[in-house]
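What follows is a single structure, written as structure tokens, with notes after it.
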Amino acid sequence: MVSDLKKSIQSVYQKTGVDVFLFSPEGKFLFSAAGEKPLFEARAFTGVMQDDAAGVTFFKVLYRGAEYVCAVKGAGAVEKNYAVFLSDAIENSAGKTLNLPRSEFIRRILLGECSADDVQTYSIKYSVPDAPCFALAISSDIKSSELTSFLSQYAGEDADTAVVVTGKDCAFIKFMGEDSEYQSSADFANFLARSLLEEVGVKVRIGVGGMVKHFDEIASSYRQANTALRMSGIFNSKGEVHTYREFVLVKMLEDLPEAKLGEYLSILLEGDAKEILKDDDMVNTAEEFLENNLNVSETSRNLYMHRNTLMYRLDKIERVMGLNLRNFSDAVTFRVITILYKLT
């Protein structure tokens, strides 16, 4: 619990720039937002107390039933006002989730805005089972309120939850019991996308997060799901359902500094190679070839393209970029180049 109080004080410090010294109810020093050790001791007092000799203003914070002592440097009128303001700010920061509606509470949990204690409070309040679960990030053209209403029809457990996260993007939390009929999170996502289209005529795109053992890790699963949904849009990925695993390489590259990405791209692109990347037909042909495991016949059939036209385009890519996509190593290099190009 004290660790969450420290986070609240740190958050206030980042917003105000005022360092707060935290003491236990017994007067033991616990924490300073700026990492500084106090040259004074906490004493018993009521209300707000100013120690002119030490140049310190003391005030109290009620945090989840326990009263802690806090202090700021300075003993003037300004510091006294700070004490009143900071006391309210810290207490409000600590208890901000306690009276939230369920939808807003779970939205904040998914976005990583809640402490471990807040997540535990949610779990107790809404009887969340101790079972594996995962999050889906879902986007559609219909109103988010309508989408969550449709999604709620597929909640197999009381704890399964559909919620609006931002704009038209929604999330669905699914718990997997021992007798679940779905083999994986992707299996359920495919069922959900297919059912929404067939039963209510709603087309969705779904990003699938990884399975986590306990609900207190659900924010991690949602981050993965949201990344998969976002990346599938950036790369115009085929299909409605995409897992985080599909984009791990992309995410690894995205996490690098942009200058480094540009450096890698400049090394890989030679001559007029960039002109190929600007040609959507050429890039789409190459991507389809990669998706079909470098199989010429399968690619020409899926693209409704004459085999000779496909070979001409592959030869042109080899001539301009120096990459023979029929070679696995060169195909991998081409995929990395297209990722870098889109990221930069």
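The values are calculated or read from the model by the stated rules, or taken from the named source; none is laboratory data. Only a predicted model underlies this, so the values are computations on that prediction, with no experimental measurement involved. For neighbour counting, all protein chains shown are included, and Cβ atoms are generated from backbone atoms with ideal geometry for every residue, glycine included. Heavy atoms of the whole protein, side chains included, go into the accessibility calculation; ligands, DNA and RNA do not. Shrake-Rupley method; radii C 1.70, N 1.55, O 1.52, S 1.80 Å.
Within segment 198-218, restricting attention to residues that are on the phi < 0 side of the Ramachandran plot and without any contact (Cβ under 8 Å) to a residue 40 or more places away in the chain, which residue is least open to solvent (accessible area, probe 1.4 Å)? Can you show your working first?
Restricting attention to segment 198-218, the residues satisfying the condition of being on the phi < 0 side of the Ramachandran plot are 198-200, 202-218.
Now drop any that are not without any contact (Cβ under 8 Å) to a residue 40 or more places away in the chain, which leaves 198-199, 217.
Numbers: Glu198: 138, Glu199: 125, Glu217: 78 Å².
So, considering only residues that are on the phi < 0 side of the Ramachandran plot and without any contact (Cβ under 8 Å) to a residue 40 or more places away in the chain, the one least open to solvent (accessible area, probe 1.4 Å) is Glu217.
Could you count how many residues in segment 322-344 are in a helix (DSSP H, G or I), polar (S, T, N, Q) and open to solvent by 20 Å² or more (accessible area, probe 1.4 Å)? Talk me through it step by step, then tell me what you get.
Looking only at segment 322-344, we keep the residues that are in a helix (DSSP H, G or I), and these are 328-343.
Those left that are additionally polar (S, T, N, Q): 329, 333, 338.
Those still in the list that are open to solvent by 20 Å² or more (accessible area, probe 1.4 Å) too: 329, 333.
Qualifying residue count, segment 322-344: 2.
Select, from Arg245, Arg319, Arg307, the only residue that is within 27 Å of Arg107 (Cβ to Cβ) and open to solvent by 80 Å² or more (accessible area, probe 1.4 Å). Explain how you work it out, then say what you get.
Numbers: Arg319 fails: within 27 Å of Arg107 (Cβ to Cβ); Arg307 fails: within 27 Å of Arg107 (Cβ to Cβ).
The conditions single out Arg245.
Output the residue which, of all residues in segment 147-199 that are β-branched (Val, Ile, Thr) and touching a Ser or Thr at 6+ places or on another chain (Cβ under 6 Å), is nearest to Val241 (Cα to Cα).
Here is the first cut: in segment 147-199, the ones β-branched (Val, Ile, Thr) are 148, 161, 163-166, 173.
Then drop every residue that is not touching a Ser or Thr at 6+ places or on another chain (Cβ under 6 Å), which leaves 163-164, 173.
Numbers: Val163: 19, Val164: 19, Ile173: 16 Å.
The selected residue is Ile173.
When the residues of segment 39-65 are narrowed to those that are of a type in the set (Phe, Trp, Tyr) and part of a loop (DSSP other than H, G, I, E, B), which ends up farthest from the chain's Cα centre (by Cα)? So that I can check it myself, show each step before the final result.
Kept after step one, since they are of a type in the set (Phe, Trp, Tyr), are these residues of segment 39-65: 40, 45, 58-59, 63.
From the residues that got through so far, the ones that are part of a loop (DSSP other than H, G, I, E, B) too are 40, 45.
Working: Phe40: 42, Phe45: 44 Å.
For segment 39-65, the residue satisfying everything is Phe45.
Can you give me the ranges of the helices (runs of 4 or more DSSP H) entirely in segment 108-219 with at least 3 residues that are hydroxyl-bearing (Ser, Thr, Tyr) and more than 28 Å from Phe235 (Cα to Cα)? Break it down into steps so the answer makes sense when it comes.
Numbers: elements: 116-125, 144-152, 185-200.
Output list reads 116-125.
Does segment 153-167 include one or more residues that are open to solvent by 10 Å² or more (accessible area, probe 1.4 Å), over 25 Å from Pro101 (Cβ atoms), aromatic (Phe, Trp, Tyr) and over 22 Å from the mean Cα position of the chain (by Cα)?
No: zero hits.
Please verify whether Lys7 is surrounded by fewer than 12 Cβ atoms within 10 Å (Cβ to Cβ), at negative phi and either assigned to a strand (DSSP E or B) or at pLDDT below 85 (or both), treating the condition exactly as stated. Steps first, answer last, please.
Details: surrounded by fewer than 12 Cβ atoms within 10 Å (Cβ to Cβ): no; at negative phi: yes; either assigned to a strand (DSSP E or B) or at pLDDT below 85 (or both): yes.
Taking the combined requirement at face value, the residue does not satisfy it.
List every residue pair whose Cβ atoms lie under 9 Å apart, where the two residues are 6 or more positions apart in sequence or sit on different chains, the first residue falls within segment 134-150 and is over 23 Å from Phe215 (Cβ atoms) and of a type in the set (A, V, I, L, M, F, W, C), and the second residue, located anywhere, is open to solvent by 20 Å² or more (accessible area, probe 1.4 Å) and in a strand (DSSP E or B).
If the second residue must be open to solvent by 20 Å² or more (accessible area, probe 1.4 Å) and in a strand (DSSP E or B), the pairs left are Phe150/Ala162.
For Lys260, indicate whether it is of a type outside the set (A, V, I, L, M, F, W, C), touching a Pro at 6+ places or on another chain (Cβ under 8 Å), over 21 Å from Asp141 (Cβ atoms) and surrounded by fewer than 19 Cβ atoms within 10 Å (Cβ to Cβ). Spell out the reasoning first.
On the way: of a type outside the set (A, V, I, L, M, F, W, C): yes; touching a Pro at 6+ places or on another chain (Cβ under 8 Å): no; over 21 Å from Asp141 (Cβ atoms): yes; surrounded by fewer than 19 Cβ atoms within 10 Å (Cβ to Cβ): yes.
The answer is no for Lys260.
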